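Input: a single structure, listed below in structure tokens.
The values are calculated or read from the model by the stated rules, or taken from the named source; none is laboratory data. These figures come from a predicted structure and were not determined experimentally. Heads up, the Cβs are rebuilt from the backbone with ideal geometry, glycines too, and the neighbour counts pull from every protein chain shown. Each accessible area value is taken on the protein alone, full model and side chains, heavy atoms only, with ligands, DNA and RNA left out. Shrake-Rupley method; radii C 1.70, N 1.55, O 1.52, S 1.80 Å.
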Amino acid sequence: MSNKFESTVREIAYSQTAVYATLSNLENLSKIKDRLPEDKVNGLEFDADSVSMEAPMVGKIQLKIVEREEPKTIKFESVQSPLPFNFWIQLLPLTDTSCKMKLTLKTDLNPFMMAMVKKPLTEGLEKLADTFQMIHYE
């Protein structure tokens, strides 16, 4: 059964192209590494196309970018994870200096697993959206 989790739509005070340029190269995560809560994410490692981390109760998670649609979408796929999933970042222009962002995670979960992970996944997406909102995209 396919399940979709979405963040709230966020406004970012930078142009769509600036946000895309930063988020589509994962080496730029070094800008936000110190903002991630250490109790939630450990061992963050990344290169231009992939990111891996240790998460509590989950273990090692690794994602890779599987599609870039400049300047609107960046799609990821889990390479290593207890639950296989896809994740994508959508960007839409508002003005020349601002854009909207939405994060989406899609996974196949049975109803029992869904009941267990719905709240943490939703909260996690919102926290990630918060972090992406705080980046200086210049």
Problem - Crossing angle, helix 111-134 versus the chain [Cα axis fit, 0-90 degrees, rounded to tens] - result: 20 degrees
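Given a 1.4 Å probe and every protein chain left where it sits, what share in percent of the accessible area of the chain is carbon and sulfur? Walk me through the numbers before you get to the answer.
Working: 4280 of 8020 Å².
Accessible surface attributable to carbon and sulfur in the chain totals 53 percent.
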Problem - In range of the label at Ala13: residues from the stretch 101-138 whose backbone nitrogen is under 16 Å from the point 7 Å along Cα→Cβ - result: 101, 130-138
Completion exercise
Among (i) 48, 28, 24; (ii) 40, 38, 28; (iii) 45, 29, 25, the entry matching Cα extents along the principal axes in Å as calculated here is (iii)
Exercise for the section: Please find, in a Gaussian network model of the chain (springs between Cα atoms separated by less than 10 Å), the residue of Ile32, Ile74, Ile12 whose mean-square fluctuation is greatest. Expected result: Ile32
Fill in the blank from the handout: In the structure shown, of Lys60/Lys118; Lys72/Lys118; Lys64/Lys118; Lys4/Lys118, the pairs separated by more than 18 angstrom at the C-alpha atoms are Lys60/Lys118; Lys72/Lys118; Lys64/Lys118
Practice task
Determine the per residue accessible area of the chain with all protein chains present and a 1.4 angstrom probe, expressed in square angstrom.
Solution key: 58 Å²
Handout entry: Solvent accessible area, Å² - Thr95, 1.4 Å probe, full protein context
Key = 80 Å²
